[in-house]
Each structure stands twice: as structure tokens, then as C-alpha cells.
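The values are calculated or read from the model by the stated rules, or taken from the named source; none is laboratory data. Model, not experiment: these values are computed from the prediction. Glycine also receives a Cβ, built like all others from the backbone with ideal geometry; neighbour counts cover every protein chain displayed. Calculation scope for accessible area: heavy atoms of the full protein, side chains included, ligands and nucleic acids excluded. Shrake-Rupley method; radii C 1.70, N 1.55, O 1.52, S 1.80 Å.
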Amino acid sequence: MDQQKFWDRYELPTVVLGLALYASWLALTWWHASIPGIVLFLAGGYVVQWHFSLQHESIHAMRNWPAWLRTAFVWPPLGLWMPYPIYNKSHSTHHVNFHLTHPQRDTESNYQMQGMWPPKNRLQYHIVMLNQTLWFRLVFGPFIRLWKLAKKETLRVMSGDYSHLPHWGAHVVSLTVILYWVLVVCDMPLWKYLVCFAWPGMSLGMLRTFTEHRWGEKPMERVAIVESNTVMGVLFLYNNLHLVHHRQPTLPWYRIRRRFIDNREEMLATNSNFYYRGYLQIARLFMFRPVFDPAHPHW
């Protein structure tokens, strides 16, 4: 096997990236007391979201790795909140392209069924509308996401479905290890890890998904391209070029940008130019204005 084939077969750039990611997290937690707060907030949030991007990569790519190794490589819950197997199952459901944006069948849709909107509860109405603006999504979106997850998992157990309980049990064990390192070994207060790592990490994830999908008649018209820059591209492992990912989910992250550049015109024709130059453009457009009407145009 020549060097190029070995490089591709085992996706060595992903190995290097993962090792750099974990080394960065260990360094930031170990030297947290010496790092200025704003720097720790930016770097901690970046590393946690970077890890979530790596988890996403493991769901789709790394196909030549044994399943147990692929899972183990991304398992540590640096962001604290989501058990990896539950995320894996939920995100795999999202990739049924025909159902993209469906309020009930797409697990990552931000639309509401036409017959259920607007809700009679005025507080719920205002929260949903505010959550369609970027500032609110970045600040409060993580808390809404946690509330939805807790509600969904609680209702699952109350209905007699205990299938996720082993995942939560394993998650608690994993959290114990992570928090022992953070709180005991590194002597970092829990609030500091939540504020400088977990919350900004989730917030950056909210930025990527904010206008990732919208309704279109054809499935690929529902998937955005956000071109952005290298810093954001590496953070999201080029999943910001989302159309490329939905067309070729198993394409490794380090091939996505070149695939878009080589097929730019065809890609933008395929998604009817559902395109943003970067996240600053999205901020200018939707910082205080709803990104779309929550009532689904079709369902």
C-alpha cells in the first residue's frame, strides 16, 4: 500500500486533528488559571465545538476504522451535555434527505407544523420567534436545546421506553472522569468550565446550524453553503459547506472544501443559490430579525 492510499484509507488527517484537539483541551484545562478569561472563553468554546464536529465526522466518515475504535476516539463528553450514541442515532435520522426540514421527521428541524402554529401559549410563541434571531439563538439556544433534550428523554422513559438508559449510565461514568480531571486535578471551578467551555461550545454549534436548512421543493434546495474562512471551516470541519456533506456524507472533512471549489457553479445551481459568504453576513441579516417563519410552508 503506497503512502497516499494509506493516508486516505485510515484518514490520517483526522487522527492528527483529534490528537491536536485533545492536547489543546488538556492544555487549556491544566493552565486555565494562567489564561485570561476572554481567551479561555474563546479557546475553550472553540475546542469543545471542534470536538463536537469530530463526533459528527465519526458518524459519517472514518469508514475503514473498526466501529469500536471510531466510537472510542470521539467518546469523551467534553461538552458535557449529549451522550454520543444518542447523538449518533438522532443525527443519522436527520440524514433522510427527503424529510429535511419536516417538523416531526427531521430531528434537527426548527420549523413547526402548520396546524400547530401559532401556539395558544403566548410565552411559547415569543420564545420560538426570538429563537429565530441569531443573538437569542447564540445566548439562550443552548438552554432551550438542553430543555428539549431533557423533556424528550423524560417522556421516553415515562412511555416505557428504557432503551436510552444504558447510554445515560455510560454518559454519567464518562462525565465523572471528565469532571474529576477538570475539578480535582486541574482545580477549575465547575462554573468556570460551564461558562468558558460547555456553553460557548454549544453556542458555536448553534451558529453553524442557525440557517443550515430551509424549505425548498427539492431536498438539496434545503441545504445551505456558508463559505466562510479557514478558522471557521476547520472548526466545523467544513460542514459549513453543508450541501457537499449532504450529497456525499462519507466524504472526509479534508476533501470537502476542494470538492466545493471544483464544483462550485454546479453546487450552487443544485441548491438554488442557498448561499452565504460567511457568518458575518448571516449576523448582519438575522442578528435581530427572524431567519424564517416558523410555520412550515409545506407540512
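Would you look at the GNM of the chain, springs on alpha carbons closer than 10 Å, and say which of HIS246, HIS102, HIS126 moves the most? For the chain, modelled as a Gaussian network with Cα springs under 10 Å, the answer is HIS126. Solvent-accessible area of LYS192, all protein chains in place: 40 Å² (probe radius 1.4 Å, heavy atoms, ligands and nucleic acids excluded). Among the lysines of the chain, pairs at least eight places apart or on separate chains and with Cα atoms under 22 Å apart come to 6. The reciprocal of the average 1/r between distinct C-alpha atoms defines the Kirkwood hydrodynamic radius, which for region 145-237 equals 16.8 Å. Here, P(r) means the percent of Cα pairs in each 5 Å bin from 0 to the largest distance; for region 1-145 it is 2, 8, 13, 15, 16, 15, 12, 9, 6, 3, 1, 0, 0. Scalar couplings 3J(HN,Hα) for region 269-275, obtained by applying the Karplus form with A = 6.51, B = -1.76, C = 1.60 to θ = phi - 60°, are 5, 5, 9, 6, 6, 6, 9 Hz; x denotes Gly and Pro.
Placing +1 on the Cβ of every Lys and Arg and -1 on the Cβ of every Asp and Glu, with no other charges, gives region 1-145 a dipole of roughly 440 debye about its Cα centre. For TYR276, the amide hydrogen comes within under 5 Å of the amide hydrogens of ILE225, VAL226, GLU227, counting only partners 5 or more places away or on other chains and with H modelled in the peptide plane. Here the Debye sum runs over all C-alpha atoms of region 35-112 as equal scatterers in vacuum, and log10 of I(q)/I(0) at q = 0.16, 0.18, 0.23, 0.25 Å⁻¹ comes out as -0.72, -0.84, -1.05, -1.12. Maximal additional length on extending the ALA150-LEU175 stretch stands at 7.3 nm, based on 0.36 nm per residue less the C-alpha distance.
In the chain, the DSSP-assigned H stretches of four residues or longer account for a calculated mean residue ellipticity at 222 nm of -17500 deg cm²/dmol, using -39500 (n - 2.57) per stretch and the full residue count as denominator. Taking a point 7 Å from the Cα of TRP75 along the Cα-to-Cβ direction, the residues of region 164-192 with backbone N closer than 19 Å to it are 164-182.
Extension gain, LEU285 to LEU165, is 39.1 nm, computed as 0.36 nm per intervening residue step minus the present C-alpha separation. Stretching the chain fully between GLN114 and PHE98 yields a gain of 3.9 nm (0.36 nm per residue, less the alpha carbon separation). Springs between Cα atoms under 10 Å define the GNM used for the chain, and in it the highest mean-square fluctuation of GLY37, GLY278, GLY160 occurs at GLY160.
Here the label points at VAL16 and GLU265, each 7 Å from Cα along the C-beta direction, are separated by 3.3 nm in the simple model.
Modelled spin labels at TYR275 and PHE140, positioned 7 Å past Cα toward Cβ, are 3.5 nm from each other.
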